[in-house]
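The values are calculated or read from the model by the stated rules, or taken from the named source; none is laboratory data. Quick caveat: nothing in here was measured; it's all calculated off a predicted structure. All Cβ positions, glycine included, derive from the backbone under ideal geometry; neighbour counts span all protein chains shown. In case anyone asks, the SASA skips ligands and DNA or RNA and just uses the protein heavy atoms, side chains included. Shrake-Rupley method; radii C 1.70, N 1.55, O 1.52, S 1.80 Å.
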Amino acid sequence: MGTSMEVIRNRAALTQAIDALKGGKHRIGFVPTMGALHAGHLSLVASAREAADAVVASVFVNPTQFAPGEDFTRYPRDEAADAAMLEKAGADIAWFPSVADIYPEGAAVDIRAPESLAAVLCGAHRPGHFDGVATVVMRLFDCVRPDVAVFGEKDYQQLAIIRAVAAIHHPETTILGAPIIRAPDGLALSSRNAYLAPQERALAPEIHATLHQAAQRIPAEPGTVEHILEEAGKSLENKGFRVDYLELRHAGDLQLCPRWQPGTPARLFAAVWLENTRLIDNVRV
Ligand code: PAF
């Protein structure tokens with residue numbers, strides 16, 4: 001839209017701003033975030049800009065997607081820096097809702113992520129996480145009423161689940177996936193990279209390097225993929241990572257692919273720990 005960005009903190013003001021955009025027949029592009037923004041988020045704003053007339057970005061660290069003992073309290077928060085980055089990226093509205101705006105009756109989930117997509121990969125290690133994600137994203141959609149919403153492929157499973165849940169609860173909203181943005185050394189950008197100590201940060205690009213190498217081997221060595229994944233996992237563990245999973249799955253329904261089938265879209269997914277930091281990544285095979 002091109003005027004300066006509006007920062008909105010309460011829900012009534014957001015509703016008014018959205019009504020005005022809808023009244024002006026502006027297509028709304030939406031980028032939900034948890035803040036601690038980096039170039040990956042800014043690429044989502046750029047995609048939303050291309051797909052819509054006005055871009056709304058939200059910054060909300062959603063309590064219902066963190067299990068007890070996870071990093072909800074230490075999750076990085078810097079509203080001033082986030083607002084400045086969103087303005088520079090060309091967002092029209094930055095919305096910083098309160099917990100009461102999103103969960104007026106108390107923080108609880110009321111939307112279940114589909115079992116077949118949510119019970120695997122990160123869902124198997126973070127029970128309830130995707131119900132929290134599905135619930136908050138649908139509540140944010142209720143408020144923003146977007147025509148288009150953009151999510152990064154770094155959280156590929158999240159994207160698949162949001163597509164499925166939005167098709168039921170917000171079929172009018174088109175869900176767009178945006179490619180992973182990486183540091184020059186290959187590490188996928190993530191707000192959680194901020195947790196890494198310098199020696200961990202130096203090691204972290206091995207995740208992508210290992211996935212990339214395995215993804216090259218898979219089509220080159222027809223047959224089952226078990227031995228390739230096992231070697232990749234061992235190589236990461238030898239370097240000091242703890243591997244939650246390293247799996248080849250169908251890019252659409254996330255079902256396991258015990259062998260690679262030419263013509264079938266597949267992705268290689270990994271979640272690993274470096275000391276107290278859990279990092280995820282995925283590559284197309
Ligand atoms: O990907 C994220 O940052 C969050 O999971 C999301 C989609 C903003 C929901 O809280």
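The table below gives the values:
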{"quantity": "Neighbours by Cβ (under 7 Å, 6+ apart or cross-chain): first from segment 126-143, farther than 20 Å from residue 171 by Cβ; second within 10 Å of the ligand (Cβ to nearest atom) and part of a loop (DSSP other than H, G, I, E, B)", "calculated": "132/62"}
{"quantity": "Subset of segment 10-36 [of a type outside the set (Gly, Ala, Ser) and touching a strand residue (DSSP E or B) at 6+ places or on another chain (Cβ under 8 Å)]", "calculated": "14, 18, 21, 22, 26, 27, 28, 30, 31, 32, 33, 34"}
{"quantity": "Output for segment 257-285, where each listed residue is within 17 Å of residue 179 (Cα to Cα), assigned to a loop (DSSP other than H, G, I, E, B) and of a type in the set (A, V, I, L, M, F, W, C)", "calculated": "285"}
{"quantity": "Strands (runs of 3 or more DSSP E) wholly inside segment 1-117 containing at least 2 residues that are open to solvent by 40 Å² or more (accessible area, probe 1.4 Å)", "calculated": "6-8"}
{"quantity": "Close pairs from segment 175-200: first closer than 18 Å to residue 278 by Cα and within 13 Å of the ligand (Cβ to nearest atom), partner in a helix (DSSP H, G or I) and not β-branched (Val, Ile, Thr), Cβ under 6 Å, at least 6 apart", "calculated": "180/153; 180/154; 188/154; 189/39; 189/40"}
{"quantity": "Test for residue 47: is it within 12 Å of the ligand (Cβ to nearest atom) and under 22 Å from residue 167 (Cα atoms)", "calculated": "no"}
{"quantity": "Set 212, 170: member being closer than 30 Å to residue 261 by Cβ and of a type outside the set (D, E, K, R)", "calculated": "212"}
{"quantity": "Residue in segment 154-167 that is in contact (Cβ under 8 Å) with a residue 12 or more places away in the chain, farther than 16 Å from residue 28 by Cβ, of a type in the set (D, E, K, R) and within 12 Å of the ligand (Cβ to nearest atom) present", "calculated": "yes"}
{"quantity": "Residue list for segment 120-134, filter: near the ligand (Cβ under 10 Å from one of its atoms) and surrounded by fewer than 24 Cβ atoms within 10 Å (Cβ to Cβ)", "calculated": "129, 132"}
